Amino acid sequence: MRRLRLLQIIICLLLSATILVNTTKAQMPQRGGNQVAIMGWTDDTHYQFRNFDSDKNLVIQSVDIKTGKGVLMPASKSEREVLVQALPEGTTLGMNDVISPDKKSAIIIKDNDLFFFTTGDKELRRLTNDKTPEVNTRFSPDGKKIAYTKNKDLYVYNLTDNKETRLTFDASDKIYNGYCSWVYMEEILERPSHYAAFWWSPDGNKIAYLRTDETDVPLFTLNRLDELDGIHGLIEATPYPKPGDPNPKVKMGIADIATSKTTWVKTDYNVDQYIAWPFWTPDSKKLAIQVINRDQNDIIFILTDASTGDYTQIFNERRKTWVEFHEDIYVMKNGSGFIVRSYRNDWENLYYYAWDGKLIAPITNFNFRVTSIDRVDEDLKMVYFTATGPESTDSHAFRVGLDGKNLLQITSGEGSHNVSISPKGTYFIDTWNSITSPGSIIAYNKSGKKLKEIYKFEQPVYDPAKNSKPELVKIMTSDGLFNMPAIVTYPLNFDPAKKYPVIFTIYGGPDSKNVINRWQGNNPSWYSQNGIITFTVDHRGSGQFGKKGLDYLYRSLGKWEILDYEDAVKWLRTKSFVDPARMGITGSSYGGYMTCLALTKAADYWTHGFAGSSVTDWRLYDDVYTERYMNTPQDNPEGYKDGSTLTFVKNYKGKLYLTHGDMDDNVHMQNSIYLISRLEDEGKIFEFMLYPEGRHGWGGAKAVHSKNEANNFWLWNFFGK
């Protein structure tokens, strides 16, 4: 489910890029591509500025921030571009190939073997030569070694000595070393890790790795086409724990590269718990490991001696609802400790801990959300970070001392702000925009005083016949507790005297806010071109309201999301230009779940829904994600019943179109089949489209087909055409 959140963000960014590329390049605050932008700094007073000359040719200047004078910079290539151009003829970098930390070398995967190339060489150097694929390749921090898994065992290759060393020997179809299980990949370590479950020490002499035992985890089988003859089919079986099922057993090992021996961290292998996201002390002598209990309401950090496996507890966070792993911990290079983002006061704030577990300082204490640590200047004892500020849909840059003193909000004004900091922190350059303005680029000094506006993005002339218009609004929940942010996007030639259909475009999962105050572009979407209002709203559990809102979802997925969305429908119904008889909703994965629930549990509010890859009953999804919010079906039977679309099939009276890929290994097609069966039993009319070989989302011709089906569904049901 976490993967779909990432895909959703990527798709949104791609759609935004598509919209923006079609506009005048020098006038719009595009994200990515050739555009007016701050590229970085050459020193503490000169920034690199990408702009266009009078002939609209792209130029890059080195600009003195004090005088504003700039000089053209010679065309330069990134380190990656230099490496790519140096590759032997016919060799390219693939998505699974790996570049060294210094960007001068790469591991190329070719014919299921590993090849090494470094700038200056004339040809690739073969490292492995066997029938077994090497996967999850990672360079050591110094770039002199690589580690990888093969047949789910862990190996290391010394690039200087040209020697491969096998570090583990007992992998099987259920035992993995340095290779994570499906549920760990999907819900804990995330898909960008591929299936890697190992972590180099800073000095490159040790590797921490997970040992996973899935012997007791039930298998889920998928039937796929036989790629050879397409007749008899093939069975794909994957250990997949559903709520209440046995979990993978895990423990952490620390392999010494010189001796090939593993020291096991002395946690109890038989305790039902999750172990992940380790981080090393700078001297590589100790390893901090995060451990969460099966109920996912208690997290501890343990600090382990890499030579003995003994550990002490250095951090603990417990909540009545749930906790999550900390994925962006900053380790102080001076060895003093680490900085963590924690919900200790119901909002994510920064805390500075020593390695002995003592709190050195609470760095921030906001009633709003810190979203990232951007830079830590250990010499000046300063932390630069991004936070929403009091308005949850905004994004601002801040600076504060490691002791929590001398807080400075660098940026001001509504909208989304992206700051580039000079090397010594003397100057800041803010590129900002909002839903009503494409924004500008502004320079500030270290005190936060505005120096000058470097560039102002031109506000396009609004033409109702060519441009859609978004509006950021707030909608109070019926219990008066949460003022939900929402974006209404009006169609071309909008006439408030007419009646328009509305489509909710949502995802809706816990902590997955979609409403952000940023420039939406000025080009119309398909919906806007076809006379449809689109609507996005964030419910109380979206993350907009911190843990106060999130905790409502505990043991009750589907309840508050739909209740809050119903309040949004009530608000829309008060608008004279909204047609309540054409109230649509669409989404995929959790968004598909919301769509199916809207057409069943809340059938008095929505009339049409297009749902993709939908969860329909939480008993059918994986245990890590589901139990985090719902506990087990045995512990919370009423919550599971009330959160299931199957419970409310009798309420269904609108028009629902379901899609699913038959090879979806994340949200199994079993979910749609269960709902389809109940709909058929109740004599309900609906539509379903199967996508053969489709996983959790699909591309190519099938993606085009799916999009066309959705568009035709809305056109026919809203306009009869």
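Some observations on this one:
- Legend: residue pairs LYS56/LYS449; LYS163/LYS261; LYS474/LYS513; LYS174/LYS266, Cα-Cα distance threshold 24 Å; pairs beyond threshold, LYS56/LYS449.
- Where trypsin sites (Lys or Arg not before Pro) fall in DSSP loop in region 423-471, at most 10 other Cβ within 10 Å: LYS449
- Rounded to the nearest 500, the helix-only mean residue ellipticity at 222 nm of the chain stands at -5000 deg cm²/dmol, with each DSSP H run of n ≥ 4 adding -39,500 (n - 2.57).
- Within region 171-249, the GluC sites (Glu not before Pro) that combine a DSSP coil assignment with at most 14 other C-beta atoms in a 10 angstrom radius are GLU227.
- Of all aspartates and glutamates in the structure, those lying under 15 Å Cα to Cα from LYS66, and not within fewer than 8 positions of it along the same chain, are ASP43, ASP44, GLU453.
- Counted charge near SER422, where neighbours are those whose Cβ lies closer than 15 Å (Asp, Glu -1; Lys, Arg +1): 0
- Charge context of SER78, other residues only, Cβ under 15 angstrom, K/R +1, D/E -1: +2
- Environment charge of ASP346, counting only residues whose C-beta is closer than 11 Å and scoring Lys/Arg +1, Asp/Glu -1: +3
- Length released on extending from ASN57 to ASP604, taking residue separation times 0.36 nm less the Cα-Cα span: 191.3 nm
- Exposure proxy ranking, count of Cβ atoms within 10 Å, fewest first, for CYS596, CYS180: CYS180, CYS596
- Spin-label model, LYS499 to ASN406: label points 7 Å out along the Cα-to-beta-carbon direction sit 6.4 nm apart.
- Which labelled figure in [x] 36; [y] 32; [z] 44 is percent of Cα pairs over 41 Å apart, once derived from the coordinates: [x]
- Candidate lysines for bridging to LYS655, where Cα separation is under 21 Å - those fewer than 8 sequence places away on the same chain excluded: LYS499, LYS570, LYS601, LYS684, LYS707, LYS721
- For region 645-670, the residues whose amide N sits under 12 Å from a probe point set 7 Å from the Cα of GLU682 along the beta carbon direction are 645-656.
- Unit charges on C-beta of K, R, D, E only; dipole of the chain, Debye: 1820 debye
Laboratory data are not the source of any read-out in this text; all were calculated from the coordinates shown. What you see is a predicted model, and the numbers here were worked out from it, not measured in a lab. Cβ coordinates were reconstructed from backbone atoms using ideal geometry, including for glycine residues, and neighbour counts include every protein chain displayed.
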